[in-house]
Amino acid sequence: MTSTSDHTATAASLLDESDPLRRYRDYFLDSTEDRIVAYLDGNSLGRPLAATKGRMADFIDNEWGARLIRSWDERWMDEPTQVGDKLADAVLGAAPGQTVVGDSTSVLLYKLIRAALDGSMPSGRDEIVLDRDNFPTDRFIVEGIAAERGATIRWIEPDAASGVRPEDLLGLLGPRTAVVVLSHVAYRSGFLADAPTITKLVQGAGALMLWDVCHSVGSVPMHLDDWGVDIAVGCTYKYLNGGPGAPAFAYVRSELQDRLQQPIWGWMGASQPFGMSPNYEPAAGIRRFITGTPPVLAMQPLKHMLELIAEAGMLAIRAKSVALTAHAVTLADQWLAPLGAEMVSPRDPAERGSHITINHPKFAEVTARLWDVGVIPDFRPPHGLRIGLSPLSTSFSELEAGMSAIREVLTEAL
Ligand SMILES: *Cc1c(COP(=O)(O)O)cnc(C)c1O
């Protein structure tokens with residue numbers, strides 16, 4: 001080892017020793033099958049909690065197995081809104097009655113962007129604003145809706161190394177804007193948008209603001225009620241550790257709920273799900289955004305993670321996230337920049353979520369080699385190696401071991 005890596009290794013263990021959240025790492029499952037040296041992709045799929053196995057077994061024994069269909073009456077019907085309220089309280093900064101869990105992020109984006117547009121078109125608002133760097137599903141869903149409804153898309157062209165800033169919206173908002181769809185944290189650069197300022201700007205133009213919070217929820221504190229956000233959609237398998245395919249959630253500000261009508265009318269979002277009525281009549285409040293049978297089984301692991309997050313507190317989680325990404329930036333500058341790697345994430349922690357992206361033409365090849373040795377970042381074409389740092393499950397030493405392996409494998413590849 002060089003003296004540089006000795007120095008940072010010491011820094012990493014000191015950072016771990018003084019980390020007030022360090023004990024939370026022990027709650028996560030340590031695989032006995034496959035030794036993980038560094039998991040740097042918690043922003044794509046969070047690690048399972050060790051207790052999830054027992055909780056799922058319990059659920060199968062005591063709810064599904066024992067109570068069978070009686071469980072729908074006893075508790076499952078209320079799970080989408082009860083888990084939604086817990087999520088709202090722990091991570092969204094939202095009062096109860098405004099959040100529901102179900103469907104996938106993509107489907108909820110469809111339902112809510114359509115609802116926002118349909119409600120606005122009668123008053124001549126037929127434009128949807130979003131950015132070219134938004135996550136593919138967000139762009140595709142908006143393109144589909146625009147084609148279906150004859151709406152127009154107004155594209156923001158943000159600076160690729162950062163993201164959408166309030167000034168980027170100025171020329172695009174107007175009397176025809178229906179809804180603006182942006183990511184709170186950009187999936188590629190990690191740029192953290194100024195949500196309160198942008199929300200006010202959009203509402204000042206008479207339009208609705210929809211935030212995709214997939215890449216921020218559980219790592220960046222949110223105050224959706226205080227910010228006056230209209231709609232938010234996010235997933236639960238990234239920093240909320242709900243597991244592969246865990247359902248998404250939607251937040252709809254209470255005053256807006258009864259004014260919006262979502263386009264997929266199903267029996268579970270109707271006012272009397274078991275009334276078997278001849279016509280669709282939407283439920284009052286947030287339940288109207290449900291369509292079919294809620295994914296109860298798939299929302300169980302999430303509940304435990306929300307308890308841990310509530311206990312640790314979002315401010316402490318954010319502080320650790322900032323320290324982790326700052327350490328990653330330092331290591332990237334010292335070890336990877338001399339090999340030709342380029343930082344494409346904001347250097348100011350106030351403008352950054354919980355991951356960073358570094359570009360190098362060799363990173364596709366490097367990532368494949370790293371995965372074989374238990375170092376798991378992810379790769380986003382064309383050249384981006386993305387390092388996701390999940391605050392409750394990642395240590396500074398783990399990050400350091402991962403960065404050191406990236407340096408080694410990249411050196412060999414050159
Ligand atoms: C992960 C992610 C999604 C995922 O959508 P799914 O329907 O769950 O596959 C959508 N938007 C953003 C910004 C994401 O980061």
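The values are calculated or read from the model by the stated rules, or taken from the named source; none is laboratory data. The structure presented is a predicted model; accordingly, all values stated were derived computationally and were not measured. All Cβ positions, glycine included, derive from the backbone under ideal geometry; neighbour counts span all protein chains shown. Heads up: the accessible areas ignore ligands, DNA and RNA and are worked out on the full protein's heavy atoms, side chains in. Shrake-Rupley method; radii C 1.70, N 1.55, O 1.52, S 1.80 Å.
Numbers below:
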| quantity | calculated |
| --- | --- |
| Projected-area mean, the chain, by convex hull of Cα positions, square nanometres | 20.8 |
| Per residue, in Å², the accessible surface of the stretch 75-310 once ligands and nucleic acids are set aside, probe 1.4 Å | 36 |
| Hits among aspartates and glutamates - C-alpha to C-alpha of Lys238 under 12 Å, sequence gap 8 or more where chains match | Asp41 |
| Protein accessible area in the chain, 1.4 Å probe - carbon and sulfur % | 55 |
| Cα extents of the stretch 75-310 along the three principal axes, largest first (Å) | 49, 43, 28 |
| Rounded, prolate or oblate (a/c below 1.5 giving rounded, otherwise prolate when a/b exceeds b/c) for the stretch 262-345 by Cα gyration tensor | prolate |
| Cβ-Cβ FRET estimate between Thr330 and Arg132, R0 fixed at 25 Å, reported to 0.05 | 0.25 |
| At least 15 Å along the helix axis (C-alpha) and Kyte average at least -0.5, DSSP helices within the chain | 3-17, 105-120, 136-149, 300-312, 314-331, 396-413 |
| Using a Förster distance of 41 Å, the FRET efficiency for Trp64-Ala147 (Cβ separation, nearest 0.05) | 0.50 |
| For the stretch 1-109, Kirkwood radius (reciprocal of mean inverse C-alpha pair distance, Å) | 18.2 |
| DSSP beta bridge pairing in the chain, given as percent antiparallel to the nearest 5 | 50 |
| Highest average packing first - 196-202, 267-273, Cβ atoms within 10 Å | 196-202, 267-273 |
